[in-house]
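Take a look at the structure below.
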Amino acid sequence: MKKNRLQIALTIAALIIGAFSISKAISLSETRMDFNGESLFTVTNKYYYKTQENGAKIKWFIPQSNNRQQISKAALPKTMNTTASREPFNDNVLGEWLTSESNTYGELEHSFTFTGKSKHYALPKQFDTAPATYHQFLVATDFVQVHHPRIAQLAKDLTQEASNDKTKLEKMYAYVANIPTAPIRTRTDAVSVLDRKSASCNGKSRLFLALTRNLGMPSRLKGGIVLENTSKRTSHVWVEVFINGQWVPFDTTNNHFAYLPAHYLEIYQGDEALLSRSTDMEFDYTYDIQEESTVQFMGMAFQNVEDATPFSLVPLVKHKLISEKNLFLLLMLPLGGFFVAFLRNVVGLRTFGVFLPVLIAFSLFETGYGLGLLLFLFLIFLVGAVSRPFQSIGLLHTPKLVISLSVMVVIMLLGSYLGWATQTPWLSALTFFPIIILTISAEKFSNLIVEDGFGKASGILFQTLIAVSFCYLILSVKSLGAVLMLFPEVILFIILGSILLGRYVGFRWTELIRFKPLLDFKTI
């Protein structure tokens, strides 16, 4: 009777918690943005001016949404007119602000929210011939001297040993990328870059543009802003090459080959100026950029999540009461502990406690899985090796353990110092948190050796590594942290599951394997 009551109570509790979670998921899905971005920024462009006797004119390009960026909550000055380009293959939208007021100080603002995602491109070895309509992206200009003898000779020298189009592009890209970057604010043409042997993003991009066009690869300039959590005045320029039906980005300044990061704001295309104004007018500007925290797998800002759901742990991270990393670890302790308890009570593994495998798995993210396991085993056996000399002089176990762990810490600190001095990443990866966790594990192993002997202790160590690997796989699920942050009631499900697990009295799986010969009897 008591068992039936417990089952009914657990079922009712699970239904209530499940209904609450489903209603929250529905609310979030209605608010969720269709565009699933990786980064979110609020951008406010501020323009400060003083008009002349005959007024003033200010123009700037307006960013638009595309397949890798979403522009929302855009707010332009009320008196501003926007004009979309009518040219083929041109998506530019130009905003123009006019005033007839004379000798007047003022300020304009253009704000919007940017959601972006990175994009990688896989390049074929040979490129298809572009349609004739794209030949406009092969022409020479005053700043892109496609047919200049020096450009033509450089393109020939760089690609003469290349066996395919992709290799040609790689060689030209590598040459331009290796040119030192300098903060040159004036417009620099392609040939001048060869003379100066340094250039800013606009000069390096024009040189790469000239080289690709010289070899018959349609290409164009792309302009925008590299978004950072700061205020800045600098824009950025890179190149897009038309390859087999798509425009592929190449940034020779920041070394992005066939790739565009999630925080690149695309604003215009072509050899244009992002911002222009009336001649000789007093003028200044700044781009105020603020990065917003997001629930990544949903592409939603923290504020939107707060508005959409009555209960989540997002405010704790948003208001910096706890870091997202520490919150993830805190939430993973009961979840990982439940899976370890399952491995112990149902599968039959023996481990170093319930929560220690979870902490070890978490520390592996600091060191890397392979290196972390090697480091873990090294520390474990180091304790045993260091403690042996002290057994002959009759030291008690606890002081002997303190000596062993102290020697281990000294070795770890020495390794970290050598990693810094020799620029060896795997040595310098030994941060404080993993050392503490692995030290506790070493103490556990040392105690087991004393109590059960080296053989049994090694068996438990191996089973612990199985549990650690299992927890590491769970922790590796990218969206798990966000799900736990949005649905902390999962912990209640863990409690219900643990109650059921605590009442399990069946065979452990390892026992079924162990006693298989007794179970496989034949009727005589």
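The values are calculated or read from the model by the stated rules, or taken from the named source; none is laboratory data. Being a predicted model, the structure only gives us computed values, none of them experimental. Positions of Cβ are backbone-derived with ideal geometry, glycine not excepted, and every protein chain shown enters the neighbour counts.
Screening Arg187 on (1) modelled with pLDDT of 90 or more; (2) in contact with a Phe, Trp or Tyr (Cβ under 9 Å, 6 or more places away or on another chain) shows it passes everything except condition (1).
Being touching a residue at least 40 places away in the same chain (Cβ under 8 Å), closer than 30 Å to Leu227 by Cβ and outside any strand (DSSP E or B) is true of Arg187.
If you go through the stretch 73-101 and pick out every residue that is closer than 28 Å to Trp247 by Cβ, out of contact with any Gly (no Cβ under 8 Å at 6 or more places or on another chain) and in contact (Cβ under 8 Å) with a residue 24 or more places away in the chain, you end up with 9. Residues in the stretch 234-260 that are hydroxyl-bearing (Ser, Thr, Tyr), surrounded by 15 or more Cβ atoms within 10 Å (Cβ to Cβ) and in a loop (DSSP other than H, G, I, E, B): Ser235, Thr252, Thr253. Given the structure, is Thr104 in contact with a Gly (Cβ under 6 Å, 6 or more places away or on another chain), farther than 30 Å from Glu292 by Cβ and not assigned by TED's automatic domain parsing to the domain that holds Glu240? In short, no.
Quick one: how many residues across the stretch 492-524 are of a type in the set (A, V, I, L, M, F, W, C) and modelled with pLDDT of 80 or more? Walk me through how you get there before you give the answer.
So the first thing to find is which residues in the stretch 492-524 are of a type in the set (A, V, I, L, M, F, W, C), and the list is 492-496, 499-501, 505, 507, 509, 512-513, 515, 518-519, 521, 524.
This time we only want the ones that are modelled with pLDDT of 80 or more, so: 492-496, 499-501.
Residues flagged as of a type in the set (A, V, I, L, M, F, W, C) and modelled with pLDDT of 80 or more within the stretch 492-524 amount to 8.
Is at least one residue of the stretch 261-276 in contact with a helix residue (DSSP H, G or I) (Cβ under 8 Å, 6 or more places away or on another chain) and either part of a helix (DSSP H, G or I) or in contact (Cβ under 8 Å) with a residue 60 or more places away in the chain (or both)? The answer is yes, given that some residue of the stretch 261-276 is in contact with a helix residue (DSSP H, G or I) (Cβ under 8 Å, 6 or more places away or on another chain) and either part of a helix (DSSP H, G or I) or in contact (Cβ under 8 Å) with a residue 60 or more places away in the chain (or both). The residues on offer are Phe89, Phe41, Phe35, and the sole one that is of a type in the set (Phe, Trp, Tyr) and either modelled with pLDDT of 90 or more or out of contact with any Ser or Thr (no Cβ under 9 Å at 6 or more places or on another chain) (or both) is Phe41. Set side by side, the residues Ala457, Ala442, Ala467 differ, and just one is part of a helix (DSSP H, G or I), crowded, with 16+ Cβ neighbours inside 10 Å and at pLDDT below 75, which is Ala442.
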